[in-house]
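The values are calculated or read from the model by the stated rules, or taken from the named source; none is laboratory data. Predicted model only: the values in this text are computed from it and were never measured. Positions of Cβ are backbone-derived with ideal geometry, glycine not excepted, and every protein chain shown enters the neighbour counts. Side chains are part of the model used for accessible areas, which takes the heavy atoms of the whole protein and leaves out ligands, DNA and RNA. Shrake-Rupley method; radii C 1.70, N 1.55, O 1.52, S 1.80 Å.
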Amino acid sequence: MSSVPTPSVHPTTERYPAFAALRHRDFRLLWLGQMVSVTGSQMQLTALHWHVWLLTKSPFALGMLGFFRGAPIILCSLVGGVFADAVDRKRLMIVMQTVMLVSASCLTIATFAGLTHVWPIYVLTAIASAASAFDTPARQSLMPSLVPARDFPNAVSLGVTVFYVAMIGGPALAGFLLASHGPAIVYGVNSVSYLAVIAALIAMRTRGRPAMGEGEVAARVSFAALTEGLRFVWNTPIIVQTMTLDFAATFFASANALLPIFADKILNVGARGFGLLSAAPAIGAVITGLVMARMGTFRRQGKLIIGSVAVFGLATMAFGLSRVFWFSLLMLALAGASDTVSTVLRQTIRQLVTPDQLRGRMTSVNMMFFMGGPQFGEVEAGTVAALIGAPLSVVTGGIGSILAAAVALVKAKSLVKYESDGEK
């Protein structure tokens with residue numbers, strides 16, 4: 001069994017502030033807006049899984065929700081990355097947040113009207129995912145311009161932490177609303193939550209266009225700009241290796257789509273228990289994210305990423321085997337904690353080794369891996385669950401994640417040797 005390497009931190013003469021990045025006004029605005037918006041999105045995601053399960057009672061239908069979330073990202077993310085490097089990133093985000101708001105509003109109206117078929121859920125989910133394929137490269141590319149380089153790792157930790165805080169509050173709140181009012185009210189709350197990010201973007205002072213060095217030409221929306229981004233990613237081994245490991249681990253170990261089955265049929269805890277199961281990974285993730293933000297910069301980051309992926313796989317296996325509610329919650333929390341270590345370090349590495357004028361395109365390629373992996377992993381998990389049952393589907397997925405870490409330890413030389421000072 002792979003063990004997580006013990007991290008060492010750069011020696012400092014003073015303790016690094018846990019919330020250093022929040023001293024910067026524009027980052028603070030976006031961070032607060034994201035906290036509200038992502039909470040709404042996590043509420044809706046929880047409601048979508050429960051809603052599809054109630055309508056179909058089909059593991060395959062649950063898996064197909066992942067397909068309709070993942071396919072638009074695969075199809076649109078490369079174009080979204082080109083746009084993020086060619087246009088004003090703040091304006092692009094405002095437009096895409098508005099599209100997602102409209103999609104959630106349509107889902108609210110359709111559900112209140114008495115939705116009985118699953119296909120409108122799939123279509124509106126696909127529209128929102130296509131918008132996120134433009135929004136995410138713009139947001140992640142904008143982040144390094146909101147804080148100094150020294151505070152950027154802290155900004156990434158806080159950004160990941162806010163996502164997992166939302167994953168605690170969102171699913172738990174959604175579980176109670178689902179039990180008392182049904183999914184329509186959850187979709188309505190999410191539609192309003194997008195206004196928080198839109199307001200933050202309007203209030204920010206940072207310019208939205210990419211920073212250009214002397215003699216550099218701004219990217220255009222063109223095929224040449226797209227191939228330039230692909231060339232950069234392909235010629236940077238550390239980026240290729242982190243993306244590949246991310247995809248492999250999350251593709252095999254996507255248990256989230258099957259949580260309604262565990263809550264309803266295996267653990268017998270109902271909608272409220274489903275909300276708690278959905279929130280459990282975030283509890284471990286938030287604790288880990290706050291610890292990482294406090295500790296600052298880690299050494300031996302490459303080995304730490306691989307070790308955390310192995311722990312993620314082990315925790316996923318244990319969850320699949322569990323029939324005890326509290327132990328299932330604990331294993332999901334451990335999976336969330338280990339995933340956070342990997343996510344924070346991977347995001348920090350990729351953003352810091354990428355020039356600003358290429359960040360949108362690099363992020364768009366990365367989206368195909370870090371978002372495509374979990375979404376198509378849900379399709380895989382649902383299909384396998386339909387054939388051999390949900391528990392065995394989760395267990396085999398955890399084994400796949402462990403094997404991915406083992407292969408990376410042997411083959412991904414640049415990642416294994418990577419240090420926080422940039423040595424490969």
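Residues that are touching a Pro at 6+ places or on another chain (Cβ under 7 Å), in a helix (DSSP H, G or I) and touching a residue at least 12 places away in the same chain (Cβ under 8 Å): does region 393-410 have at least one? No, the conditions are met nowhere in region 393-410.
Can you pull out the residues in region 173-187 that are surrounded by fewer than 22 Cβ atoms within 10 Å (Cβ to Cβ) and either under 11 Å from Met43 (Cβ atoms) or among the aliphatic types (A, V, I, L, M) (or both)? Full working, then the answer.
Here is the first cut: in region 173-187, the residues surrounded by fewer than 22 Cβ atoms within 10 Å (Cβ to Cβ) are 173, 176-177, 179-182, 184-185.
Leu173, Phe176, Leu177, Ala179, Ala184, Ile185 - these are the residues of region 173-187 that are surrounded by fewer than 22 Cβ atoms within 10 Å (Cβ to Cβ) and either under 11 Å from Met43 (Cβ atoms) or among the aliphatic types (A, V, I, L, M) (or both).
Screening Gly373 with (1) touching an Asp or Glu at 6+ places or on another chain (Cβ under 7 Å); (2) over 25 Å from Ala166 (Cα atoms) gives one miss only, at (2).
Among the residues here, Met367 qualifies as at pLDDT below 90, of a type in the set (A, V, I, L, M) and open to solvent by less than 10 Å² (accessible area, probe 1.4 Å). Cβ-Cβ contacts under 7 Å between residues 6 or more apart (or on different chains), taken from a first residue in region 346-357 that is assigned to a helix (DSSP H, G or I) to a second residue that is among the small types (Gly, Ala, Ser) and open to solvent by less than 40 Å² (accessible area, probe 1.4 Å), are listed as Gln357/Ala219.
Criterion applied to Lys90, Lys57 was being within 15 Å of Trp119 (Cα to Cα) and either free of Cβ contacts under 8 Å to residues at least 12 places away in the same chain or not small (Gly, Ala, Ser) (or both), and the one residue passing it is Lys57. Out of Thr46, Thr12, one residue alone is farther than 30 Å from Leu107 by Cα and modelled with pLDDT under 90. It is Thr12.
Check region 372-379 and report whether any residue there is surrounded by fewer than 20 Cβ atoms within 10 Å (Cβ to Cβ), in a helix (DSSP H, G or I) and over 16 Å from the mean Cα position of the chain (by Cα). Within region 372-379, none of the residues are surrounded by fewer than 20 Cβ atoms within 10 Å (Cβ to Cβ), in a helix (DSSP H, G or I) and over 16 Å from the mean Cα position of the chain (by Cα). Number of residues in region 231-286 that are part of a loop (DSSP other than H, G, I, E, B) and either open to solvent by less than 10 Å² (accessible area, probe 1.4 Å) or more than 30 Å from Gln357 (Cα to Cα) (or both): the value is 6.
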